[in-house]
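The values are calculated or read from the model by the stated rules, or taken from the named source; none is laboratory data. Just so it is clear, the model here is predicted, and its values are computed rather than measured. Glycine also receives a Cβ, built like all others from the backbone with ideal geometry; neighbour counts cover every protein chain displayed. Accessible surface areas use protein heavy atoms only, side chains included; no ligands, DNA or RNA. Shrake-Rupley method; radii C 1.70, N 1.55, O 1.52, S 1.80 Å.
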Amino acid sequence: MSKTILITGGAGFIGSNFVVYFCKKYPDYQLINFDKLTYAGNLDNLRECQAAANYVFIRGDICDRELVEAVFREYKITDVIHLAAESHVDNSIVSPEEFVTTNVLGTFTILDAFRKSNSRDTSRFLHISTDEVYGTLGETGYFTEKTPYAPNSPYSASKAGSDMLVRSYFHTYGTNVVSSNCSNNYGPMQHGEKLIPTIIRSALSEKLIPIYGDGKNIRDWLYVIDHCRALDIIFHQGKAGETYNVGGRNEKTNLQIADTICAILDEKCPRKNGKNYGKLIAFVANRPGHDRRYAINAAKLETELGWRAEESFDTGIGKTVEWYLAHREYFFKKSR
Ligand SMILES: NC(=O)c1ccc[n+]([C@@H]2O[C@H](COP(=O)([O-])OP(=O)(O)OC[C@H]3O[C@@H](n4cnc5c(N)ncnc54)[C@H](O)[C@@H]3O)[C@@H](O)[C@H]2O)c1
């Protein structure tokens, strides 16, 4: 095997899409998926690669230093792709401690084990972060890699802390790190707590579709497979010590997202009562500290490394709704 890569959080939404993509694309890489299987992890998402010769799953906590170091030794890990995190902003408002523990301490534990593992000169640590570290935008402008950090939720603050640790290891120890900050992902296998699965599930169960505040908060949506392709390119070609923003150039308000999904469902799966799904949309009290707008300028990744999002929002959301409709039973069982 040319590389043995520890992928943390590979049973989560982005992680499982990424592991399946990488496992098929690089049969000569040994992939070690290291995941605690919190409520957000789901091994069913990995059925496509469970029997693959280049795939191993280990259940473990990234904060467990002894276990992490044992895995580095036993498998002779050459590289790390670090996705494990507590990822849901709403949960970080109720239980911030878990976010600091996993996102800050856990990142430190994996990063430090990587530094001390005496791996090869080419060994690399890819850290996956979020555009939420930049805070909120007004009606204009975009986040670039030079935008100052201004996190507004315990989630984004904990991710910002992890980003700073990764940066410091490059400057202090010369560790071969590279980071990415991406916008909101969507696509197959996302946990039911997130916006798009919530809209689809609520609609199909004839429940009110909850939309925060006035529904005008804007996110820049990125199809998860486009993100996997970006991580592939950044891991292999990104410059050590650099960060790359990843975004789909798909700014949408939450209300536009709900309207679009309802229109697709009206066509594919009409309601028995003849009404449109849109009638189920209901505005609920806003999330505290809810950032108004995120929008990514991905020009650095596009011009320096040649990546471009392939899916428009229309094509990506069509595929996503199709996937949830085709996996209804599984999806309803796993969602809360
Ligand atoms: N989903 C998005 O839209 C988005 C956007 C920007 C950045 N990100 C970042 O991408 C990464 C992946 O996000 P996601 O949406 O797939 O998250 P997710 O919540 O779906 O999955 C997280 C995974 O990490 C695992 N995990 C949690 N704590 C762990 C621990 N202590 N030890 C080991 N494993 C642990 C969980 O079991 C789960 O499998 C995160 O770092 C997140 O901050 C996500």
Within region 244-275, the residues that are farther than 30 Å from Y142 by Cα, part of a helix (DSSP H, G or I) and open to solvent by 30 Å² or more (accessible area, probe 1.4 Å) are D266, E267, K268
Scanning region 48-101 for residues that are part of a loop (DSSP other than H, G, I, E, B) and near the ligand (Cβ under 10 Å from one of its atoms) gives G60, D61, I62, C63, D64, L83, A84, A85, E86, S87, H88
If S117 meets every condition in (1) among the hydroxyl-bearing types (S, T, Y); (2) in contact with a Cys (Cβ under 9 Å, 6 or more places away or on another chain); (3) farther than 25 Å from K24 by Cβ apart from one, which number is that one? (2)
Mind checking whether some residue in region 59-77 is at positive phi and open to solvent by 40 Å² or more (accessible area, probe 1.4 Å)? yes
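Can you pull out every residue in region 276-288 that is of a type in the set (S, T, N, Q) and either over 29 Å from the mean Cα position of the chain (by Cα) or open to solvent by 80 Å² or more (accessible area, probe 1.4 Å) (or both)?
Once the filter is applied, which keeps residues that are of a type in the set (S, T, N, Q) and either over 29 Å from the mean Cα position of the chain (by Cα) or open to solvent by 80 Å² or more (accessible area, probe 1.4 Å) (or both), region 276-288 yields only N276.
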Candidate set: region 1-13, residues that are of a type outside the set (V, I, T) and within 14 Å of A85 (Cα to Cα); chosen: the one surrounded by the most Cβ atoms within 10 Å (Cβ to Cβ): G10
Starting from region 293-316, take each residue that is in contact (Cβ under 8 Å) with a residue 12 or more places away in the chain and within 18 Å of L231 (Cβ to Cβ) and list its partners that are open to solvent by 10 Å² or more (accessible area, probe 1.4 Å) and of a type in the set (A, V, I, L, M, F, W, C), counting only C-beta distances under 6 angstrom and pairs at least six apart or across chains. L305/I233; W307/I233
Output the residues belonging to region 214-243 that are in a loop (DSSP other than H, G, I, E, B) and either open to solvent by less than 20 Å² (accessible area, probe 1.4 Å) or of a type in the set (S, T, N, Q) (or both). G215, N217, W221, G238
The lone condition S117 fails out of (1) closer than 17 Å to D291 by Cα; (2) away from the ligand (no atom under 11 Å from the Cβ); (3) touching a residue at least 24 places away in the same chain (Cβ under 8 Å); (4) small (G, A, S) is (1)
Residue that is nearest to P154 (Cα to Cα) [pool: residues in region 269-315 that are aromatic (F, W, Y) and in contact with a strand residue (DSSP E or B) (Cβ under 7 Å, 6 or more places away or on another chain)]: Y294
Filter region 14-46 down to the residues that are touching a strand residue (DSSP E or B) at 6+ places or on another chain (Cβ under 9 Å) and in a loop (DSSP other than H, G, I, E, B), then identify the one that is most open to solvent (accessible area, probe 1.4 Å). K36
